[in-house]
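S.K.: I'd like to ask some things about the structure below.
What follows is calculated from the coordinates using simple rules that are stated; it is not laboratory data. On a predicted model such as this, the values are computed, not experimentally measured, just so you know. We place every Cβ from the backbone using ideal geometry, glycine too, and count neighbours over all the protein chains shown.
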Amino acid sequence: MEKIQQEKANLKYQLQSTMERKSSKKRKIDRLVTIFCIICVGLAIVPLGSILFEVIKNGISALRIEFLTQRPGSMISGRGGIGPAIQGTLITVGIASIIAAPAGIFAGIYLAEFAGTGPLPHAIRFFNDVLTGLPSIVLGIVGYIVIVLVIGSFSVWAGSFALSIIMIPIVVRVTEESLKVVPNSIREAGHSLGIPKWKITLHITLKAAFSGVLTGIVIGISRIAGETAPLIMTILGTSLFFTGFDDPVDALPLRIWRLASQPYDSAHAQGWAAALILILIVLLFSVTLRFLAARKGFKVRVIRYSNL
Amino acid sequence: MNSATLKDDHQERRKKLSNLLLSKKKPMDRAFFGIVLGAAGYTLLLLALIVYAIGDGSIEIFSYEGLDFLTGTDWNAVYGREAFGALPYLIGTLVTAAIAMVIGVPVSIGIAVFLSEIAPPRVSTPLSFVIELLAAVPSIVYGLWALFVFRFWIVDLIERPLYNAFGDWIPLFGKTPFGLDVFTAGIVLSIMIIPIISSISRELLKAVPDTQREAAYSLGATRWETLRIAVFPYVKSGLFGAAFLGLGRAVGETILVTMVIGNAVGINAIPTSLFSQSQTLASVIANEFNEAASSLHLSALIGLGVVLLMLTMAINIGGVLLISRMVKVSPGVKE
């Protein structure tokens with residue numbers, strides 16, 4: 001009897017010691033994983049900090065009122081400004097969003113409110129996702145072939161068309177998602193009052209989902225405002241102010257690219273300043289829209305650029 | 001009033017009411033349906049237009065080079081000696097994207113794990129906002145930063161030490177580095193895709209039911225073991241999908257790569273070491289499109305667009321399918 005108990009105690013001791021040994025090793029691995037994760041976060045934050053720091057440090061010195069309003073001077077002198085680029089970006093992006101916002105919202109309404117589970121909605125959803133992932137330079141080529149070659153000139157239209165293709169799928173997807181979370185009881189209330197469906201959709205459902213839809217538009221606009229590649233073959237870039245929708249214009253990302261390819265320090269300084277302006281425009285725009293929306297009582301969701 | 005007319009009357013009223021309720025018969029509703037269907041059809045039309053335009057524009061080069069366009073290594077636009085082969089650029093694209101994935105995917109998943117499993121909410125909420133900001137920076141600004149700041153870090157901290165240590169006997173590191181090469185391009189691309197992959201991964205991890213974790217913890221598993229046994233198997237295909245979407249972005253990115261990859265042409269663009277200059281499909285298009293010497297040259301660039309389009313479409317469709325399979329498996333993953 002005593003022997004058995006001794007053996008039992010022995011076994012228990014052995015078991016405990018192996019478990020302890022294992023658990024200290026386990027804990028070490030666990031700590032290593034935690035440290036790895038923290039390092040990963042650091043690796044992501046250092047570039048962001050450095051980018052913001054460099055853009056502000058290098059850009060702030062070239063910022064003057066003339067820089068924002070004047071035409072580009074000669075590259076070596078460091079004189080002149082980026083007026084046409086700011087103007088061109090506003091015009092091109094503005095027209096692109098005038099095309100893309102309604103198209104995207106209506107397509108989103110179709111998917112959320114009208115489409116059943118048939119093959120057509122399925123196909124639209126699927127190809128919309130495919131459209132989201134297309135490289136922007138390919139869309140630039142499409143803009144070149146479809147518009148530049150047809151009207152015979154690099155133009156605002158071509159640039160806006162190419163940019164609108166980037167923006168539409170974003171708006172479609174966000175609109176659909178935000179309409180889907182509107183509770184059905186709201187629609188039913190409308191139906192019970194005998195309101196026609198189009199009125200219910202536009203005046204009730206869409207209003208309830210407005211903050212989400214607005215977020216989609218803001219994401220879309222901030223995305224296309226920073227696009228460079230499709231503008232190379234559509235609006236071309238120029239040092240002149242806007243002369244007409246059938247003519248080339250300049251844009252901030254294009255101007256930054258051109259300035260960065262110059263071998264002169266003064267051009268680089270202007271490039272940094274233009275980058276600062278670009279970031280400010282994107283930020284300012286989204287903040288203003290949020291502010292307006294907040295004043296009207298709409299709550300805008302936290303913007304999630306990266307999911308799109 | 002006999003019962004027959006009463007019945008008729010009843011029927012008529014019912015019809016009126018149902019007409020009122022089933023609004024399909026109202027002209028405004030029909031018009032509205034037409035508008036939204038038209039808008040939805042427009043997105044399909046756009047895709048068809050893209051395929052048609054790119055296909056039509058590249059007919060000339062494919063009839064001139066045939067399939068040699070995909071396997072050729074020469075790139076010459078000089079009149080009379082034209083040769084266009086996309087292979088070097090295809091390799092350049094795949095190499096930079098591979099570097100971006102090797103660095104970007106583990107880091108992104110590490111970030112996602114930190115945000116969803118380790119950090120308390122008061123840390124993870126502002127932190128995820130900061131990482132979202134990284135996604136909002138336009139790629140041209142990344143390019144500017146990479147060209148004037150980051151590439152010197154890379155040269156001083158990574159490339160030169162590697163070259164000095166291994167350059168003589170490992171061909172992978174065997175080229176005097178000066179920062180404009182596939183390695184730099186790949187690393188900057190990885191920085192660019194980190195927010196994309198990490199935020200999708202975080203959503204996926206958050207969607208794993210807590211019962212999974214609790215079950216593992218109750219068996220005495222540590223945090224890492226819980227992740228390995230109970231969490232990762234649950235989201236495996238979703239994580240693959242997220243990586244695919246990041247890969248699609250890395251393959252198609254243009255302006256950033258154009259600024260830091262060194263822009264070699266033709267056979268020189270096949271990277272022989274990590275520190276070789278190269279080009280990607282997208283960067284050749286951006287560099288040469290406005291200077292295209294002939295319609296054949298232009299068509300060759302559009303042909304590169306065809307290759308790029310097919311590559312990214314395949315990658316993205318793969319990613320979308322993987323993520324949607326994941327969504328079907330576990331309801332609630334959708335935002």
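S.K.: Can you tell me the dipole magnitude for the stretch A:65-307 around its Cα centre, using point charges on the Cβ only (Lys, Arg +1; Asp, Glu -1), in Debye to the nearest 20?
M.R.: Here the size comes out at about 780 debye.
S.K.: Over 26 Å between C-alpha atoms is what I'm after, so list which of A:Lys57/B:Lys175; A:Lys26/B:Lys236; A:Lys207/B:Lys16; A:Lys3/A:Lys26 land there.
M.R.: A:Lys57/B:Lys175; A:Lys207/B:Lys16; A:Lys3/A:Lys26
S.K.: About its Cα centre, what dipole magnitude does the stretch B:65-329 give when the only charges are +1 on Lys and Arg Cβ and -1 on Asp and Glu Cβ, stated in debye to the nearest 20?
M.R.: That gives a dipole near 840 debye.
S.K.: Projecting each Cα onto the charge dipole of the stretch B:65-329 (Lys/Arg +1, Asp/Glu -1 at the beta carbon, about the Cα centre), which of B:Leu205, B:Ala293, B:Val95 comes out farthest on the positive side?
M.R.: Farthest towards the positive end: B:Leu205.
S.K.: Taking the alpha-carbon centroid of each part, what is the distance from the stretch A:87-111 to the stretch B:266-316 in angstrom?
M.R.: With the stretch A:87-111 and the stretch B:266-316 each reduced to a Cα centre, they are spaced 30 Å.
S.K.: Quantify how strongly other chains surround peptide B:241-251 by giving the mean number of their Cβ atoms within 10 Å of each of its Cβ atoms.
M.R.: 2
S.K.: May I pose another question? Helix by helix through chain A, keep the DSSP H runs that span 30 Å or more along the axis on Cα and average at least -1.0 on Kyte-Doolittle, and give those back in order. Walk me through the intermediate numbers first.
M.R.: Details: long enough: A:2-59 (85 Å, 0.00); A:83-109 (38 Å, 1.56); A:156-180 (35 Å, 1.17); A:265-295 (44 Å, 1.42).
Membrane-span-like by this rule: A:2-59, A:83-109, A:156-180, A:265-295.
S.K.: Counting other C-beta atoms within 10 Å, which of B:Thr71, B:Thr5, A:Thr89 has the fewest, and how do the rest follow?
M.R.: Listed from fewest to most nearby Cβ atoms, that is B:Thr5, B:Thr71, A:Thr89.
S.K.: Across peptide B:285-291, what mean number of C-beta atoms from other chains lies inside 10 Å of a residue's C-beta?
M.R.: 4
S.K.: Further question on the same structure: By the gyration tensor of its Cα atoms, with a ≥ b ≥ c the square roots of the eigenvalues, what is the shape of chain B: rounded for a/c under 1.5, prolate for a/b over b/c, or oblate?
M.R.: oblate
S.K.: Ignore the peptide's own chain and count Cβ atoms of other chains within 10 Å of each Cβ in B:184-191; give me the average, rounded.
M.R.: Working: counts 0, 0, 0, 1, 1, 0, 2, 6.
Neighbouring Cβ atoms belonging to other protein chains average 1 per residue here.
S.K.: Does the stretch A:2-62 classify as rounded, prolate or oblate by the C-alpha gyration tensor (a ≥ b ≥ c root eigenvalues; a/c under 1.5 gives rounded; else a/b over b/c gives prolate, otherwise oblate)?
M.R.: The shape class here is prolate.
S.K.: Can I ask one more? Rounded to the nearest 500, what is chain A's calculated 222 nm mean residue ellipticity when only DSSP H runs of at least 4 contribute -39500 (n - 2.57) each, over all residues? Mind dumping the intermediate values first?
M.R.: Details: 11 runs with 206 residues, N = 308.
Computed mean residue ellipticity for chain A: -23000 deg cm²/dmol.
S.K.: Arranged by the count of other C-beta atoms within 10 angstrom, fewest first, what order do B:Ile197, B:Ile267, A:Ile99 take?
M.R.: Placing the least packed residue first, the sequence is B:Ile267, A:Ile99, B:Ile197.
S.K.: Give the order of A:Glu176, A:Glu54 when sorted by the count of other beta carbons within 10 angstrom, beginning with the fewest.
M.R.: The order, fewest Cβ neighbours first, is A:Glu54, A:Glu176.
S.K.: So how do A:106-113, A:239-246 stack up, highest first, on mean other-Cβ count within 10 Å?
M.R.: The peptides rank, most packed first, as A:106-113, A:239-246.
S.K.: Find the centroid of the Cα atoms in the stretch B:115-191 and in the stretch A:151-215, then give the distance between the two in whole Å.
M.R.: Distance between centres, Cα-based: 38 Å.
S.K.: Here is a follow-up. Need one word for the stretch A:65-307: rounded, prolate or oblate. Basis is the Cα gyration tensor (sqrt eigenvalues a ≥ b ≥ c); a/c below 1.5 gives rounded, then a/b vs b/c decides.
M.R.: Here the stretch A:65-307 falls in the prolate category.
S.K.: If you place +1 on the Cβ of every Lys and Arg, -1 on the Cβ of every Asp and Glu, and leave all else neutral, what size is the dipole of the protein assembly as shown about its Cα centre, to the nearest 20 Debye?
M.R.: Charge dipole of the protein assembly as shown: 2960 debye, to the nearest 20.
S.K.: Kindly point out which whole DSSP H helices in chain B project their C-alpha atoms 18 angstrom or further along the helix axis while averaging a Kyte-Doolittle hydropathy of 0.5 or above.
M.R.: Working: long enough: B:3-21 (26 Å, -1.41); B:27-57 (42 Å, 1.38); B:87-113 (38 Å, 2.08); B:121-136 (22 Å, 1.07); B:182-207 (37 Å, 1.61); B:232-252 (30 Å, 0.93); B:295-329 (50 Å, 1.79).
Those that pass (Cα extent of 18 Å or more, hydropathy at least 0.5) are B:27-57, B:87-113, B:121-136, B:182-207, B:232-252, B:295-329.
S.K.: Moving on to the next point. With a cut-off of at most 14 other beta carbons within 10 Å, and DSSP calling the residue loop, which chymotrypsin sites (Phe, Trp or Tyr not before Pro) in the stretch B:140-237 qualify? Please list them.
M.R.: Of the chymotrypsin sites (Phe, Trp or Tyr not before Pro), the ones in loops of the stretch B:140-237 whose Cβ has at most 14 other Cβ atoms within 10 Å are B:Trp169.
S.K.: As I understand it, the dipole of the protein assembly as shown uses +1 on the Cβ of Lys and Arg and -1 on the Cβ of Asp and Glu, about the Cα centre. Which of A:Ser222, B:Gly238, A:Gly212 lies farthest toward its positive end?
M.R.: A:Gly212
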